[in-house]
Structure formats: structure tokens, C-alpha cells
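Trainee: I have a structure here, written as C-alpha cells, and I will follow up with some questions on it.
Bear in mind these aren't lab numbers, they're just calculated from the coordinates by the rules spelled out. Note that the structure is predicted; figures quoted are calculated from it, not measured. Neighbour counts are summed over all protein chains in view; Cβ atoms, including those assigned to glycine, are modelled from backbone coordinates with ideal geometry.
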Amino acid sequence: MQDLRVSIVQGATRWHDPAGNRDYYADLIEPLRGHTDLIVLPETFTSGFSNEAIHNAETMQGPTVAWILAQAKAAKAAVTGSVQLRTEAGVFNRLLFAKPDGSLRHYDKRHLFRYAGEHERYAAGHERLSVEWRGWRICPLVCYDLRFPVFSRNRFDVERKGDLDYDLLIYVANWPGVRAYPWRTLLRARAIENLSYVVGVNRVGTDGNHLDYAGDSSVIDFLGHPASECGDAEVVATTTLQAAELLAHRKRFPAMLDADAFTIT
């Protein structure tokens with residue numbers, strides 16, 4: 001396990017413009033080529049958070065999946081973010097995790113945002129995703145999942161493998177500025193309780209529903225301290241996660257040994 005360079009891409013996503021957003025985010029990503037290990041885009045980065053975007057949802061054979069694989073290959077880094085994708089089971093708010101070798105994993109958002117009617121239009125996922133990348137175990141989740149600590153919990157099973165589920169927890173989001181304080185607070189809580197780094201990537205600007213987004217993307221260390229914080233403007237920021245410091249903290253403060261065992265259904 002070595003240090004991991006993580007790049008936040010906090011952009012002003014264009015409303016219902018997949019092709020335009022692919023070009024826009026490609027331009028933001030391009031300077032990162034060869035200079036990072038992991039690139040994190042916001043939630044629904046091709047459309048903005050919209051129930052109406054369901055009508056133009058792509059499939060896994062569509063241009064956005066091809067695009068994210070191409071970006072990972074060109075950057076020689078993993079790239080992740082969520083988009084609306086249509087399957088036989090419905091349309092999912094699906095997080096994609098692409099690696100430069102052409103492999104692709106995905107996670108379907110489990111907690112759909114009832115307040116905005118997302119649960120009435122989109123299908124819900126069930127299984128949490130765990131990805132290994134450059135010696136790190138990574139759990140990527142989507143926006144509203146942040147409010148549900150049980151689903152996010154970093155579990156420890158000494159008989160199974162004697163280690164925690166993940167080293168890095170990621171939340172990609174379209175989190176409106178009116179709820180900025182909960183966003184910042186919950187990111188810190190998830191880091192502290194899970195003995196893990198947390199990366200939260202939000203968008204900025206105003207969407208087609210006239211909602212304003214304050215950004216506040218950040219990298220939070222295992223003590224809840226911000227290693228990197230973004231404001232409310234378009235920004236690309238790279239932070240190096242310190243592997244030795246994380247492992248030393250877990251050894252010094254092994255709270256996972258006293259955690260409650262449970263399963264998620």
C-alpha cells in the first residue's frame with residue numbers, strides 16, 4: 001500500500017447536455033494525465049441531477065461508458081463518477097469506476113433521494129462496491145448515501161480477513177448549497193467513524209431547476225481533518241493520501257476491534 005494521488009474535479013455541469021459535458025470534463029481532466037492515480041467526477045456529470053434526464057439515459061454500450069474508459073486510459077489513472085444508465089431492470093443512477101487497463105466496475109445508487117422524487121423514476125441498487133486500486137481498497141458511493149452510516153460502515157471481520165473493508169470512501173454528489181452544512185459535517189463523521197480517508201466531490205453552479213451548488217468538495221483524513229477543501233468555483237485539485245499515516249492511526253487507535261458485527265440486507 002503506497003501513497004495515492006486523488007484528483008477532485010469540481011465542475012459546473014451543463015444541464016441535459018451529455019456531449020457538452022463529456023467535452024467539458026475532458027478538458028478539465030486533460031492536464032492530470034500522468035500526474036494522478038484517481039480522478040473523481042461529480043454525480044450525474046453528463047446531465048446534472050434531473051428526473052427528466054431519464055428519458056435520454058444511455059446504455060452500457062453508449063458513448064459515456066466508452067468516454068470514461070478512454071479518459072482512464074489516456075490519464076493512466078482510474079476515473080469515477082455517476083451517470084444515468086438504462087438496463088433491462090430500469091434506469092439507474094450508476095457510478096462507473098474505470099481503470100486504464102480497460103476494466104470497468106459499477107455501483108448503482110441504493111438510497112434514492114425521495115425529497116426530489118428520485119425514487120419514483122429510477123431503480124435502486126442493492127450491493128455495495130469494493131474496488132482495489134494501487135494497493136488501496138476503495139468504496140465509492142453516491143450523494144444521498146452519505147446520510148446512511150450503516151450502509152457506509154467500514155466493517156471488520158477478524159475471522160474472514162482480519163482487516164477493514166476499505167481504506168478510502170468516496171461520495172460523488174449534486175448536493176445543493178442550501179444543505180452545505182450537513183454535507184461538510186457528514187463527510188467528517190464518515191471519516192472519523194470508519195477510520196478511513198473520505199473524498200467528497202460535489203458540483204458548482206446553478207442547474208436547470210434553479211438550484212445553486214456551493215461545491216465544498218474535500219478530502220478528509222481519518223481524524224476528520226480536511227487535507228484539501230474546495231470553495232464554490234470550478235476547480236481541479238490533487239491531494240496525496242498518506243498510506244503510512246492511515247495504517248499507523250489504525251494501529252494506534254484500533255476502534256474497529258470493538259465495533260458491532262452486522263449484515264446489510
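Trainee: Strictly greater than 26 Å: what percent of every Cα pair in the chain meets that? Walk me through the numbers before you get to the answer.
Mentor: On the way: 12458 of 34980 pairs.
Cα-Cα pairs of the chain separated by over 26 Å account for 36 percent.
Trainee: In whole percent, what relative contact order does the stretch 4-258 give with Cα contacts below 8 Å and a gap of six or more residues? Mind showing how you got there, number by number?
Mentor: Values: 582 pairs, mean separation 49.5, N = 255.
In percent, rounded to a whole number, it is 19.
Trainee: Hey, another quick one. What is the magnitude of the charge dipole of the chain about its Cα centre, with +1 placed on the Cβ of each Lys and Arg, -1 on the Cβ of each Asp and Glu, and no other charges, expressed in debye to the nearest 20? Walk me through the numbers on the way to the answer.
Mentor: Values: 30 positive and 33 negative charges, 84 e Å.
Dipole about the Cα centre, nearest 20: 400 debye.
Trainee: Between Thr206 and Glu193, how many nm apart are label points set 7 Å from Cα along the C-beta direction?
Mentor: Output for this residue pair reads 3.6 nm.
Trainee: Right, next: If you average the sequence gap of Cα pairs under 8 Å that are 6 or more apart and divide by the length of the stretch 111-170, what percent do you get for the contact order?
Mentor: On the way: 62 pairs, mean separation 18.4, N = 60.
Relative contact order here is 31 percent.
Trainee: Pull up the DSSP beta bridges for the chain and report the antiparallel fraction as a percent, rounded to 5. Walk me through the numbers on the way to the answer.
Mentor: Numbers: 35 of 53 bridges.
The answer is about 65 percent antiparallel.
Trainee: Quick one: what does P(r) look like for the stretch 1-121 with 10 Å bins over all Cα pairs, in whole %?
Mentor: Going out from 0 Å in 10 Å bins, the stretch 1-121 shows 13, 47, 30, 9, 0 percent.
Trainee: I would also like to ask the following. Points 7 angstrom from Cα along the Cβ direction at Gln61 and Thr87: gap in nanometres?
Mentor: Simple spin-label model gives 1.6 nm for this pair.
Trainee: Order of Lys109, Lys99 from fewest to most other C-beta atoms within 10 Å?
Mentor: Working: Lys109 24, Lys99 21.
The fewest-first ordering by Cβ neighbours comes to Lys99, Lys109.
Trainee: Same structure, new question: Run the paramagnetic zone check for Val235: 7 angstrom along Cα to Cβ, then residues of the stretch 168-202 with backbone nitrogen under 12 Å.
Mentor: Once the point is set 7 Å along Cα→Cβ of Val235, 202 turn out to lie under 12 Å by backbone N, inside the stretch 168-202.
Trainee: Can I ask one more? Can you tell me the orientation of helix 18-29 relative to the chain, as the angle in degrees between its alpha-carbon axis and the longest Cα principal axis, to the nearest 10?
Mentor: 50 degrees
Trainee: Follow-up. Treat each spin label as a single point 7 Å out from the Cα along the C-beta direction, and report the Thr265 to Ala70 distance in nm.
Mentor: The two pseudo-label positions are separated by 4.6 nm.
Trainee: Rounded to whole Å and sorted largest first, list the principal axis extents of the Cα atoms in the stretch 118-265.
Mentor: Its Cα atoms span 50, 35, 26 Å along the three principal axes.
Trainee: So, in the chain, how many Lys pairs have Cα atoms under 24 Å apart, if the pair is 8 or more places apart or on different chains?
Mentor: Values: Lys73/Lys99; Lys76/Lys99; Lys99/Lys109; Lys161/Lys251.
Eligible lysine pairs with Cα atoms under 24 Å apart amount to 4.
Trainee: Can you give the longest stretch of the chain with no exposed loop site, where a site means GluC sites (Glu not before Pro) in a DSSP loop (not H, G, I, E or B) with at most 16 other C-beta atoms within 10 Å?
Mentor: 1-87
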